[in-house]
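> First the structure, which I've put down as structure tokens, then a few questions once you've had a look.
The values are calculated or read from the model by the stated rules, or taken from the named source; none is laboratory data. It should be emphasised that the depicted structure is a prediction, and the values quoted were computed from it without experimental measurement. Cβ sites come from the backbone with ideal geometry, for glycine too, and all protein chains shown count toward neighbours. Side chains included, ligands, DNA and RNA excluded: accessible areas come from the protein's heavy atoms. Shrake-Rupley method; radii C 1.70, N 1.55, O 1.52, S 1.80 Å.
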Amino acid sequence: MARSVSSHCSSSSTLSFNNDRNLLKRTSLLPSRRTTTTISESLTHPKNHLRLQFQLKSSNGYTPNAVSLQDGLAGNSASNDRFVETRIGQVPVSQSENVESTLSITVVGASGDLAKKKIFPALFALYYEDWLPEHFQIFGYARSKMTDEELRNLISRTLTCRIDKSENCGDKMEQFLQRCFYHSGLYDSEENFGELDQRLKEKEIGRQSNRLFYLSIPPNIFVDVVRCASSRASSENGWTRVIVEKPFGRDSQSSGELTRCLKQYLTEDQIFRIDHYLGKELVENLSVLRFSNLVFEPLWSRNYIRNVQLIFSEDFGTEGRGGYFDNYGIIRDIMQNHLLQILALFAMETPVTLDGEDIRNEKVKVLRSMRPVKLENVVVGQYKGHSKGGKSYPAYSDDPTVPKGSITPTFAAAALFIDNARWDGVPFLMKAGKALHTRRAEIRVQFRHVPGNLYSRNFGTDLDKATNELVLRVQPDEAIYLKINNKVPGLGMRLDRSNLNLLYKSRYPIEIPDAYERLLLDAIGGERRLFIRSDELDAAWVLFTPVLRELEDKKISPELYPYGSRGPVGAHYLAAKHNVRWGDLSGEDS
């Protein structure tokens with residue numbers, strides 16, 4: 001990864017922004033700073049269909065951050081004099097009054113599974129709910145030869161309507177598909193991206209163009225695509241943004257190299273590093289639960305919380321994706337990004353505002369306060385074949401795409417610590433694995449024992465049974481529940497644990513939007529709070545890179561566990577070492 005990225009950065013095709021003013025005219029990803037204007041009008045919701053200027057509120061209800069016409073920070077080309085920069089938090093506009101804008105979304109890698117199963121369905125859902133502007137078009141770009149109609153047929157198989165609003169489903173789907181087009185081209189061809197630019201201009205027909213590129217492609221071609229798009233297909237009079245999918249490197253070095261290469265063509269404000277777990281409803285609700293309920297915020301510290309568990313499990317294996325997975329493993333695939341991002345949101349201090357930069361600043365502080373993960377606080381495992389109920393389940397090594405003798409972990413558990421005043425001494429335990437007994441993703445907060453509990457004898461010697469526990473179940477069946485102790489009705493004094501339960505499907509009988517819908521909407525609106533900043537990414541890799549290198553250098557073999565089991569026994573010993581019992585193995589939630 002690092003080598004391939006580096007070769008792109010040092011290639012002769014690298015653009016020189018300082019010396020080539022003519023090329024800078026086309027490379028409008030790096031904009032001009034000429035004049036500044038102040039706009040007093042407030043942003044409005046896209047459903048109001050304000051046609052003079054494409055304006056959005058982000059999914060947190062706050063106005064998105066518009067840094068400049070190009071979201072950029074540098075450049076002074078005279079050719080860009082007609083553009084006007086606006087201050088942070090204001091709407092980008094042109095000096096030409098009343099110019100209509102249009103949104104062009106290009107899905108690079110449109111023939112891949114992610115695009116077909118997630119990105120196009122999410123865009124249709126936004127259109128179905130009237131979240132997209134009046135003027136928009138969506139282009140698929142990939143190497144596969146395909147017509148516009150073939151793309152429409154391909155993606156129509158994965159489009160679905162909201163279950164609570166299905167009356168005009170067919171009409172809306174057809175209208176959406178007519179906005180979808182396809183352009184075939186190579187990922188490293190500036191000529192092909194120039195052809196894409198011409199097709200985009202034909203659809204934009206003189207309006208101010210805002211362009212969003214979604215890179216649904218392997219990371220080794222990120223830089224090629226960004227280079228070509230920046231030089232030949234960026235917007236000349238609006239903003240240009242790029243959504244980048246994980247993995248963001250394999251370690252600190254490769255991640256830093258990737259960031260450096262991307263920033264040759266993009267500014268930080270144009271890069272939207274997506275982690276779809278940050279768009280999930282329960283993760284979104286985490287800060288609401290904490291900061292808007294007085295009953296929780298005073299308890300959110302080492303004084304009352306004994307440990308925090310972040311658990312991710314899948315009940316299936318790699319199933320043909322072993323070739324990709326084997327290059328990264330479960331730590332890079334799940335723990336270093338999804339779970340660590342949730343941990344940072346959970347543990348951060350109260351941000352100054354709900355502005356994206358304020359939230360991301362607090363997350364970075366948490367990550368920089370954490371100790372790098374040590375090998376002694378990590379357990380790795382790999383699933384083996386197993387027969388159950390007359391059915392045989394394959395081992396990870398049985399996957400034909402997995403190299404023979406692979407010791408890549410499909411399971412990992414780790415204990416992490418935050419060295420600050422709020423969390424000193426509280427273990428944060430992570431656990432992630434494939435081919436386990438159930439599918440779940442949840443945050444479990446176990447509170448301390450009640451000092452001098454009058455009813456301790458009713459619980460016997462196992463005081464853990466009396467522990468209050470807050471559980472946020474991210475998936476499946478989204479829920480928030482609090483485990484409390486109460487008396488069983490009757491003449492005797494028998495205590496029981498019960499759940500105060502908010503089950504989303506019971507309380508809110510509507511379909512919960514997919515995480516990609518929320519994140520795409522925020523990227524369109526310029527809202528960055530759910531996307532990962534480069535310093536945040538650097539801090540995350542600093543925590544895991546040393547232990548990843550040690551695991552690989554020492555060739556540590558993972559502990560085998562049966563397919564469909566609860567994982568390796570070593571995970572229980574790790575938890576016990578820190579005086580923790582995994583909450584998902586209590587029997588009550590299994």
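> What single numbered condition from (1) among the small types (Gly, Ala, Ser); (2) surrounded by 23 or more Cβ atoms within 10 Å (Cβ to Cβ); (3) touching a strand residue (DSSP E or B) at 6+ places or on another chain (Cβ under 9 Å) fails to hold for residue 255?
The number of the failed condition is (3).
> Sort through 311, 342 and tell me the only one that's open to solvent by less than 10 Å² (accessible area, probe 1.4 Å) and touching an Asp or Glu at 6+ places or on another chain (Cβ under 6 Å).
After applying the criteria, what remains is 311.
> Can you pull out the helices (runs of 4 or more DSSP H) entirely within the stretch 495-590 that have at least 2 residues that are open to solvent by less than 30 Å² (accessible area, probe 1.4 Å) and in contact with an Asp or Glu (Cβ under 7 Å, 6 or more places away or on another chain)? It would help to see each step written out before you state the result.
On the way: elements: 504-507, 515-525, 534-553, 570-577.
Answer list for the stretch 495-590: 534-553.
> Just one of the numbered conditions (1) under 26 Å from residue 384 (Cβ atoms); (2) at pLDDT below 90; (3) within 23 Å of the chain's Cα centre (by Cα) is not true of residue 544; which one?
Result: residue 544 passes all but (2).
> Only one of these conditions is not met by residue 199: (1) open to solvent by 10 Å² or more (accessible area, probe 1.4 Å); (2) in contact with a Leu (Cβ under 9 Å, 6 or more places away or on another chain). Which number is it?
(2)
> If you don't mind, there's one more thing I want to ask. Of all the residues that make up the stretch 365-400, how many are more than 18 Å from residue 563 (Cα to Cα), outside any strand (DSSP E or B) and open to solvent by less than 60 Å² (accessible area, probe 1.4 Å)? If you could, list the steps in order and put the result at the bottom.
Just the residues of the stretch 365-400 that are more than 18 Å from residue 563 (Cα to Cα), to begin with: 365-378.
Imposing the further condition that a residue be outside any strand (DSSP E or B) reduces the set to 365-369, 371-377.
Those still in the list that are open to solvent by less than 60 Å² (accessible area, probe 1.4 Å) too: 366-367, 369, 373, 375, 377.
Number of matching residues: 6.
> Given the conditions (1) modelled with pLDDT under 80; (2) over 28 Å from residue 311 (Cα atoms); (3) among the small types (Gly, Ala, Ser), report the number of the one that residue 525 does not fulfil.
So residue 525 meets the others, but not (1).
> State whether the residues of the stretch 278-295 include one that is in contact with a Lys or Arg (Cβ under 6 Å, 6 or more places away or on another chain), buried (at least 23 other Cβ atoms within 10 Å of the Cβ) and closer than 29 Å to residue 481 by Cβ.
In the first step, residues of the stretch 278-295 are kept if they are in contact with a Lys or Arg (Cβ under 6 Å, 6 or more places away or on another chain); the result is 279.
Now narrow it down to the ones that are buried (at least 23 other Cβ atoms within 10 Å of the Cβ): 279.
Still in the running and closer than 29 Å to residue 481 by Cβ: 279.
Scanning the stretch 278-295, I find at least one residue that is in contact with a Lys or Arg (Cβ under 6 Å, 6 or more places away or on another chain), buried (at least 23 other Cβ atoms within 10 Å of the Cβ) and closer than 29 Å to residue 481 by Cβ, so the answer is yes.
> Does any residue of the stretch 351-363 turn out to be surrounded by fewer than 18 Cβ atoms within 10 Å (Cβ to Cβ), among the β-branched types (Val, Ile, Thr) and more than 22 Å from the chain's Cα centre (by Cα)?
Yes: one or more hits.
> Of all residues in the stretch 121-133, how many are assigned to a helix (DSSP H, G or I) and touching a strand residue (DSSP E or B) at 6+ places or on another chain (Cβ under 7 Å)?
Applying the first criterion (assigned to a helix (DSSP H, G or I)) to the stretch 121-133 yields 121-128.
Retained after the next criterion (residues that are touching a strand residue (DSSP E or B) at 6+ places or on another chain (Cβ under 7 Å)): 123.
Residues meeting the conditions: 1.
> Looking for something at pLDDT 90 or above, open to solvent by 20 Å² or more (accessible area, probe 1.4 Å) and touching a Leu at 6+ places or on another chain (Cβ under 7 Å) - is there at least one such residue anywhere in the stretch 118-132?
The answer is yes; a qualifying residue exists.
To keep it simple, each residue is scored yes or no on (1) assigned to a strand (DSSP E or B); (2) over 24 Å from residue 413 (Cα atoms).
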residue	(1), (2)
309	yes, no
323	no, no
337	no, no
345	no, no
362	no, yes
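> Give the residue, chosen from 415, 395, that is touching a residue at least 12 places away in the same chain (Cβ under 8 Å) and farther than 29 Å from residue 479 by Cβ.
Being touching a residue at least 12 places away in the same chain (Cβ under 8 Å) and farther than 29 Å from residue 479 by Cβ holds for just one of 415, 395, which is 395.
> Still on this structure: Here are some conditions: (1) closer than 29 Å to residue 344 by Cα; (2) touching a residue at least 12 places away in the same chain (Cβ under 8 Å). Residue 376 meets all but one. Which one does it not meet?
(2)
> Working carefully through the options 196, 186, find the one that is under 16 Å from residue 108 (Cα atoms) and either touching a strand residue (DSSP E or B) at 6+ places or on another chain (Cβ under 7 Å) or not aliphatic (A, V, I, L, M) (or both).
None of the others qualify; the one that does is 196.
> If I ask for residues that are crowded, with 22+ Cβ neighbours inside 10 Å and farther than 10 Å from residue 109 by Cβ, which ones from the stretch 213-223 would you list?
213, 222, 223
> Tell me the helices (runs of 4 or more DSSP H) entirely within the stretch 161-259 that contain at least 3 residues that are modelled with pLDDT of 90 or more and within 25 Å of the chain's Cα centre (by Cα).
Hits in the stretch 161-259: 222-232.
> Identify all residues within the stretch 231-248 that are out of contact with any strand residue (DSSP E or B) (no Cβ under 8 Å at 6 or more places or on another chain) and open to solvent by less than 10 Å² (accessible area, probe 1.4 Å); write none if there are none. Break it down into steps so the answer makes sense when it comes.
Step one: filter the stretch 231-248 for residues out of contact with any strand residue (DSSP E or B) (no Cβ under 8 Å at 6 or more places or on another chain), giving 231-232, 247.
Correct list: 231 only.
> Right, here's the next one. Just checking, does the stretch 317-331 include any residue being within 15 Å of the chain's Cα centre (by Cα) and crowded, with 21+ Cβ neighbours inside 10 Å?
No.
> I'm checking my understanding of the structure. Among residues of the stretch 459-494 that are over 19 Å from residue 305 (Cα atoms) and surrounded by 15 or more Cβ atoms within 10 Å (Cβ to Cβ), which one is modelled with the lowest pLDDT?
By that ranking, first place goes to 459.
> Condition (residue is touching a Ser or Thr at 6+ places or on another chain (Cβ under 7 Å), in a helix (DSSP H, G or I) and surrounded by fewer than 18 Cβ atoms within 10 Å (Cβ to Cβ)) applied to the stretch 99-114: is it met by at least one residue?
Yes: the stretch 99-114 contains one or more residues that are touching a Ser or Thr at 6+ places or on another chain (Cβ under 7 Å), in a helix (DSSP H, G or I) and surrounded by fewer than 18 Cβ atoms within 10 Å (Cβ to Cβ).
> Cβ-Cβ below 6 Å, separation at least six or inter-chain, first residue in the stretch 161-188 and more than 12 Å from residue 141 (Cα to Cα), second part of a strand (DSSP E or B) and at pLDDT 85 or above: which pairs?
Partner pairs satisfying both residue conditions: 179/137; 179/138.
> Is there any pair linking a residue in the stretch 484-508 that is free of Cβ contacts under 8 Å to residues at least 60 places away in the same chain to one that is surrounded by 12 or more Cβ atoms within 10 Å (Cβ to Cβ) and part of a loop (DSSP other than H, G, I, E, B), with Cβ under 7 Å and at least six apart or on different chains, and which?
Pairs that qualify, where the first residue is free of Cβ contacts under 8 Å to residues at least 60 places away in the same chain and the partner is surrounded by 12 or more Cβ atoms within 10 Å (Cβ to Cβ) and part of a loop (DSSP other than H, G, I, E, B), are 484/468; 495/455.
> Failed condition for residue 189, given (1) crowded, with 19+ Cβ neighbours inside 10 Å; (2) small (Gly, Ala, Ser); (3) over 21 Å from residue 523 (Cα atoms), with all others met?
(1)
> To continue, here is another question. What tally of residues in the stretch 289-307 results from selecting those that are part of a helix (DSSP H, G or I), without any contact (Cβ under 8 Å) to a residue 12 or more places away in the chain and hydrophobic (A, V, I, L, M, F, W, C)?
Qualifying residue count, the stretch 289-307: 0.
> Which one of these does residue 446 not meet: (1) in a loop (DSSP other than H, G, I, E, B); (2) more than 25 Å from the chain's Cα centre (by Cα)?
All conditions are met except number (1).
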